[in-house]
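Everything below concerns the one structure shown next.
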Amino acid sequence: MPLNHLIRDGDNPDITEERQKATFSTEELAIEIYGEPLAQRRREISAEVLKRPELLDDCPHVFLDRTTKVENSMKKTVAVMEKGSEICDFTSREELGHLVCEVFGDDGFPLSIHFVMFLPAIQGQADDEQAEQWIPRAMRLEFIGTYAQTELGHGTNLRALETTATYDKRTQEFILHTPTVSAYKWWPGNLGKTANYVIANAQLYIDGKSHGPHNFLVQIRDENTHQPMPGITVGDIGPKFGLNTNDNGFLRFDHVRIPRRNMLMRHSKVSADGVYSPPVHPKLSYGAMIFVRATMIRMLAHVVLKAATIAIRYSCVRRQGEIKTGNGEVKILEYQTQQHRLFTALARGFAYRLVGDEVKNLYEKIAEEVKHGNVEQLADLHALLSGMKSIVSYDSGKAIEQCRMACGGHGYSHASGIPEMYAVEIAGCTYEGENMVMLQQQARYLVKGIHRLAHGEELSTMLQYLANTSNNKFRIGESGVDLENALILALEYIARSTIERVTARLDSLQNKGLSAENAWNENAVELTRASRTHTRLWIARCFRDRVHRIENHAIRSALTDILELFLTYEVVDMSQYLYQGGYANSDQVAQVKDAMYKLLEKIRPNAVSYVDAYEVSDTELRSVLGRRDGNVYDNLLKWAKSNPLNRTEVLPAVEKHLMPMMLAAKSKL
Ligand SMILES: CCCCCCCCC/C=C/C(=O)SCCNC(=O)CCNC(=O)[C@H](O)C(C)(C)COP(=O)(O)OP(=O)(O)OC[C@H]1O[C@@H](n2cnc3c(N)ncnc32)[C@H](O)[C@@H]1OP(=O)(O)O
Ligand SMILES: Cc1cc2nc3c(=O)[nH]c(=O)nc-3n(C[C@H](O)[C@H](O)[C@H](O)COP(=O)(O)OP(=O)(O)OC[C@H]3O[C@@H](n4cnc5c(N)ncnc54)[C@H](O)[C@@H]3O)c2cc1C
């Protein structure tokens, strides 16, 4: 009985051959990733979706124009709401998330920001009475909401947002106003044509005094007619690099009045007579961003694993060139270069996915404490998430792009599915805090860590490695030191030495009289590097600990290969830092590379089984190259023929423009 559960009759023999080579059970690995009940429920949900044409696309959605894409997703939203509860448990985020991926793919859908930001903002920042008033209605979808924070002129620097919310004691209302063009809200997802309500972030003014940005619930469209409310100007911002099914929008408030109790008042309050009570932590109104930064790690990893699924499966059915002349053309996955770009992407996908679970759990624990007023761990969480969202969004983007290029010309076609995945995923470098800015948020925390250490103060668990100054020599190959430990210690050294070096430079510039701000800006690139090395270490350690906890021996062994590949790749990628301070020599770095190349060979026979175990259905994958059955060429031809440009043999535009030109050219002879 083969260990890979996806073998079927009629599949491309080249892919069946791969599946027969599996050395671990793909079903058991799926259970390790998703947990037993969910792994099964995901399959059942996928099977149910296939039976319901109203949940499926009539044609590949990349052939549709934007208006039709938006309409299509609205139509499917209604079908999901009507029939979805027969298919999945709506109270389970995981089940619902899977259903959404099957039905909508990556490109957005009308309720995405309602569920990802609007509801979480209310859940975290509304007081109990407000939550009781708004959440049940929002959950029943009596209205749709979004999160409107970014403005035309400011997204990063929240303290400079221009929208105002001025308290009018006389009527006990806030007046929401957009004073300039640059103060238009710009970008919020599903704002353009869908949402009835927004959580608007605006500068709170009471008696002429500013209290900084706060969140307010504002109705922008009538619940019955969907017409903009008085004082509201709203619309879609136009096509984007990706996410074109999403109607990201613009919004202007013209002295819009809302009741006092529409300010979200769990943490900050304004009494009827205009007395302001500040929150226990000044950044609690940033809670919805913290939530998304925590959850986006897994979403981004999911996209990497989908791209890896496509490129690895395709690389087993694509034959091109010979390794040994006369022996016939090989599957392109036999090339070491192909394995290197794809298996490292696979390793990053698994690492980010499993570490993403840990981040989510940590977030949930700290969010619960914050809800009860304990903000002790908020700074640690903010620093961690600032680094995580930056590293995972950027390195996932690189991995997806490698998967795309590894598919050659067909990777450039939308038939591969990867261009859209890349366009959606890479937005993660920008939204929820532009990466360079977020890396610097984390760098502040790291620099503080070095200063605390110098003053003999206690460090948080996350930073304790900064005190390990005896780790100053690469121990690869030493007896009693296994590969994993040597690599983790090397990553610790890289992070510690980078953070120490940049902190020393900052301190020295300030000692010479430069202001703290200028010294910071002069070192900003190095500070972002310090953040990156720290976060990559944190991911590596967290991934290692997760793999070590696996009880099933065969699965632990399968994921240990992936872990070791991940660690060797990370160390090789950052090896220039190992030479600083003489930690390692070039022979030792060559040893790491050799270990990495051996791991590529070891992973090769299981490559298809690793991605099969991640279990993304063909419906969700929306890729001709990544089909489970490996029957790529016939289906590429079908896909091309179904393209609307091929509906007529002679395109009306050819008749109208080119033919007259050519006829005229002939008549001149
Ligand atoms: C895959 C398909 C998916 C598809 C799904 C797609 C969904 C996408 C939806 C996207 C939605 C959005 O983008 S919504 C909009 C998101 N916007 C953003 O993320 C804006 C980014 N900007 C910010 O977060 C802020 O402005 C930031 C850069 C942090 C600076 O804020 P401030 O100026 O207020 O604060 P600073 O002076 O820098 O910092 C003062 C102190 O506060 C701390 N601090 C700052 N933020 C903090 C926070 N959140 N929690 C705790 N502490 C915080 C700092 O560490 C400092 O600590 P000390 O050092 O100790 O003093
Ligand atoms: C797909 C997508 C969906 C979005 N959805 C929403 C949404 O639902 N709701 C919402 O409110 N917003 C949303 N946004 C907006 C998003 O949050 C912002 O675009 C993001 O926070 C970046 O801000 P910005 O556009 O002002 O970039 P800028 O801050 O203008 O960045 C431009 C450049 O300036 C640099 N820079 C800026 N400040 C600094 C600094 N202090 N130090 C160093 N460099 C700096 C940046 O690194 C970057 O290179 C979305 C954006 C996208 C792309």
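Listed values, structure above:
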read-out	value
Residue list for the range 58-72, restricted to those being without any contact (Cβ under 8 Å) to a residue 40 or more places away in the chain and of a type in the set (D, E, K, R)	Asp58, Asp65, Glu71
Exclusive hit being open to solvent by less than 40 Å² (accessible area, probe 1.4 Å) and of a type in the set (S, T, N, Q), set Thr156, Thr163, Thr171	Thr163
The range 149-169, residues that are more than 9 Å from ligand 1 (Cβ to nearest atom) and either more than 16 Å from Pro213 (Cβ to Cβ) or in contact (Cβ under 8 Å) with a residue 60 or more places away in the chain (or both)	Leu152, Thr163, Ala165, Tyr167, Asp168, Lys169
Filter result (among the polar types (S, T, N, Q), surrounded by fewer than 15 Cβ atoms within 10 Å (Cβ to Cβ) and in a strand (DSSP E or B)) within the range 195-242	Ser210, Thr233
Breaking point among (1) surrounded by fewer than 21 Cβ atoms within 10 Å (Cβ to Cβ); (2) small (Gly, Ala, Ser); (3) near ligand 2 (Cβ under 9 Å from one of its atoms); (4) within 26 Å of Ser277 (Cα to Cα), for Ala131	(3)
Residues of the range 11-44 classified as under 23 Å from the mean Cα position of the chain (by Cα) and of a type outside the set (Lys, Arg), total	9
Number of the condition not met by Leu537 [criteria: (1) among the aliphatic types (A, V, I, L, M); (2) within 21 Å of the chain's Cα centre (by Cα); (3) open to solvent by 40 Å² or more (accessible area, probe 1.4 Å)]	(3)
Residue match in the range 170-178 (condition: out of contact with any strand residue (DSSP E or B) (no Cβ under 8 Å at 6 or more places or on another chain), basic (Lys, Arg) and away from ligand 1 (no atom under 12 Å from the Cβ))	yes
Those residues of the range 243-261 which are closer than 17 Å to Gly192 by Cα, in contact with a helix residue (DSSP H, G or I) (Cβ under 7 Å, 6 or more places away or on another chain) and open to solvent by 20 Å² or more (accessible area, probe 1.4 Å), in sequence order	Leu243, Asn244
Hits in the range 93-118 - residues which are within 13 Å of ligand 2 (Cβ to nearest atom) and either open to solvent by 30 Å² or more (accessible area, probe 1.4 Å) or part of a helix (DSSP H, G or I) (or both)	Asp106, Ser112, Ile113, His114, Phe115, Val116, Met117, Phe118
Residues satisfying the stated conditions in the range 444-464, i.e. free of Cβ contacts under 8 Å to residues at least 12 places away in the same chain and either more than 8 Å from ligand 1 (Cβ to nearest atom) or not charged (D, E, K, R) (or both)	Arg452, Ala454, His455, Gly456, Glu457, Glu458, Leu459, Thr461, Gln464
Yes/no for Ser497 being at pLDDT below 95, polar (S, T, N, Q) and open to solvent by less than 50 Å² (accessible area, probe 1.4 Å)	no
Residue within the range 478-487 that is surrounded by fewer than 22 Cβ atoms within 10 Å (Cβ to Cβ) and within 11 Å of ligand 1 (Cβ to nearest atom) present	no
Test: Leu385 is within 17 Å of Gly433 (Cα to Cα) and in a helix (DSSP H, G or I)	yes
Condition met for Ile310 (away from ligand 1 (no atom under 11 Å from the Cβ) and either crowded, with 24+ Cβ neighbours inside 10 Å or more than 23 Å from Gly397 (Cα to Cα) (or both))	yes
Residues of the range 221-263 satisfying the condition of being more than 29 Å from Glu129 (Cβ to Cβ), small (Gly, Ala, Ser) and away from ligand 1 (no atom under 16 Å from the Cβ)	Gly235, Gly238
Breaking point among (1) hydroxyl-bearing (Ser, Thr, Tyr); (2) open to solvent by less than 30 Å² (accessible area, probe 1.4 Å); (3) not in a helix (DSSP H, G or I), for Thr469	(2)
Selected residue (only one of Arg252, Arg298, Arg293 is assigned by TED's automatic domain parsing to the domain that holds Glu162 and not in a loop (DSSP other than H, G, I, E, B))	Arg252
Residue among Gln402, Gln441 that alone is away from ligand 1 (no atom under 15 Å from the Cβ) and open to solvent by 20 Å² or more (accessible area, probe 1.4 Å)	Gln402
Residue among Ala504, Ala519, Ala530, Ala540 that is assigned to a helix (DSSP H, G or I) and within 30 Å of Thr26 (Cα to Cα)	Ala540
Criterion (part of a helix (DSSP H, G or I), farther than 23 Å from Cys429 by Cα, open to solvent by 10 Å² or more (accessible area, probe 1.4 Å) and touching a residue at least 60 places away in the same chain (Cβ under 8 Å)) met by exactly one of Ala595, Ala558, Ala613, Ala590	Ala595
Qualifying residue in the range 367-382 (condition: at pLDDT 95 or above and within 16 Å of ligand 2 (Cβ to nearest atom))	yes
Search result, residues across the range 176-194 that are more than 10 Å from ligand 2 (Cβ to nearest atom) and open to solvent by less than 30 Å² (accessible area, probe 1.4 Å)	Leu176, Thr178, Ala183, Gly192, Thr194
Odd one out for Val572 among (1) exposed (fewer than 13 other Cβ atoms within 10 Å of the Cβ); (2) touching a Lys or Arg at 6+ places or on another chain (Cβ under 7 Å)	(1)
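Results for (1) of a type outside the set (S, T, N, Q); (2) away from ligand 2 (no atom under 16 Å from the Cβ), shown as yes or no for each residue.
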{"site": "Thr430", "(1), (2)": "no, no"}
{"site": "Asn435", "(1), (2)": "no, no"}
{"site": "Gln440", "(1), (2)": "no, no"}
{"site": "Ile450", "(1), (2)": "yes, yes"}
{"site": "His455", "(1), (2)": "yes, yes"}
{"site": "Thr461", "(1), (2)": "no, yes"}
{"site": "Glu484", "(1), (2)": "yes, yes"}
{"site": "Leu487", "(1), (2)": "yes, yes"}
{"site": "Ala495", "(1), (2)": "yes, yes"}
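The values are calculated or read from the model by the stated rules, or taken from the named source; none is laboratory data. Quick caveat, the model's predicted, so the values are computed rather than measured. As a convention, Cβ positions derive from the backbone with ideal geometry for all residues, glycine included, and neighbour counts pool all protein chains shown. Only protein heavy atoms, including side chains, enter the accessible area calculation; ligands, DNA and RNA are left aside. Shrake-Rupley method; radii C 1.70, N 1.55, O 1.52, S 1.80 Å.
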